[in-house]
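Here is the structure we will look at, set down as structure tokens.
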Amino acid sequence: MNAPQARYYEDVSEGMELPPATRTVTTTQMFLYSAVTRNPHRIHYDEKFAHSEGLPAVLVQGPLQGAQLCAYLTDWMGPGGFLKKFSYSNRGMALPDQPLTLRGRVSRKYRVDDRPAVDLELWEENATGELLVPASATVLLPSRADA
């Protein structure tokens, strides 16, 4: 595994697309995430129960999807970045063992408290391109001018 690459404010431009990443959540990951978060809801592990609730399958936990988007962002910003703000909203159902694509775009560059800041739009979509989880974030990035 490679060390995260440093990302500098000067390397970022408004409208810049983040490289997409694909993740596939397994039922084992879902089980472990439920155990760690103490979320015993049966729609995340009991297929029969999920069907009885009108669902096509067990569902990937919403907070797990948010965590994946946050990790995608922190990988992008690199070790010198600081995540100042992150928010997301679950809008669709993610199913296990199906590819989920994480995407992002820089929406604004500016300075806050004399520190280089970047606002981003992020989102997760399923294999058909359906938006499942929109998110937004603000990160502070190091500047070559300050080094």
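Looking at segment 61-72, can you tell me whether even one residue there is surrounded by fewer than 17 Cβ atoms within 10 Å (Cβ to Cβ), under 14 Å from L132 (Cα atoms) and of a type outside the set (A, V, I, L, M, F, W, C)?
Taking every residue of segment 61-72 in turn, at least one turns out to be surrounded by fewer than 17 Cβ atoms within 10 Å (Cβ to Cβ), under 14 Å from L132 (Cα atoms) and of a type outside the set (A, V, I, L, M, F, W, C).
For segment 122-133, give me each residue that is modelled with pLDDT of 95 or more and within 15 Å of A21 (Cβ to Cβ).
Result: L122, W123, E124, E125, N126, L132, V133.
Mind counting the residues in segment 30-44 that are of a type in the set (S, T, N, Q) and either touching a residue at least 60 places away in the same chain (Cβ under 8 Å) or not in a helix (DSSP H, G or I) (or both)?
1
Which of the following residues is touching a Lys or Arg at 6+ places or on another chain (Cβ under 7 Å) and either farther than 19 Å from T27 by Cα or among the polar types (S, T, N, Q) (or both): T74, T128, T138?
Just a single option satisfies the conditions, and that option is T138.
Checking the conditions here, which among E10, E17 is in contact with a helix residue (DSSP H, G or I) (Cβ under 6 Å, 6 or more places away or on another chain) and surrounded by fewer than 14 Cβ atoms within 10 Å (Cβ to Cβ)?
After ruling out the rest, the residue left standing is E10.
For segment 45-59, which residues satisfy the criterion of being charged (D, E, K, R) and assigned to a helix (DSSP H, G or I)?
Selection gives E47, K48.
Looking at segment 105-116, can you tell me whether even one residue there is within 20 Å of P20 (Cβ to Cβ), out of contact with any helix residue (DSSP H, G or I) (no Cβ under 6 Å at 6 or more places or on another chain) and at pLDDT below 95?
no
Let me spell it out: the conditions are (1) under 22 Å from L73 (Cα atoms); (2) of a type in the set (S, T, N, Q); (3) loosely packed, with under 11 Cβ neighbours inside 10 Å, and T28 meets all of them except one. Which number is the exception?
Unmet condition: (1).
Return a yes/no flag: does segment 117-127 have any residue that is more than 20 Å from D146 (Cα to Cα), part of a loop (DSSP other than H, G, I, E, B) and within 15 Å of the chain's Cα centre (by Cα).
Looking through segment 117-127, at least one residue is more than 20 Å from D146 (Cα to Cα), part of a loop (DSSP other than H, G, I, E, B) and within 15 Å of the chain's Cα centre (by Cα).
One residue is enough: does segment 98-112 have a residue meeting the conditions within 17 Å of M30 (Cα to Cα), surrounded by fewer than 21 Cβ atoms within 10 Å (Cβ to Cβ) and more than 12 Å from the chain's Cα centre (by Cα)?
Checked segment 98-112: at least one residue is within 17 Å of M30 (Cα to Cα), surrounded by fewer than 21 Cβ atoms within 10 Å (Cβ to Cβ) and more than 12 Å from the chain's Cα centre (by Cα).
Look at segment 133-144 and say how many of its residues are under 16 Å from the mean Cα position of the chain (by Cα) and surrounded by fewer than 20 Cβ atoms within 10 Å (Cβ to Cβ).
3
Only one of these is aliphatic (A, V, I, L, M), within 27 Å of Q5 (Cβ to Cβ), in contact (Cβ under 8 Å) with a residue 12 or more places away in the chain and not in a strand (DSSP E or B): A137, A94, A145. Name it.
The unique qualifying residue is A145.
Using the structure shown, decide if L83 is in a strand (DSSP E or B) and either without any contact (Cβ under 8 Å) to a residue 24 or more places away in the chain or over 15 Å from P134 (Cα atoms) (or both).
yes
The values are calculated or read from the model by the stated rules, or taken from the named source; none is laboratory data. Note that the structure is a prediction, hence the values are computed from the model and not measured. FYI the Cβ positions are ideal-geometry reconstructions off the backbone, even for glycines, and counts take in every protein chain you see.
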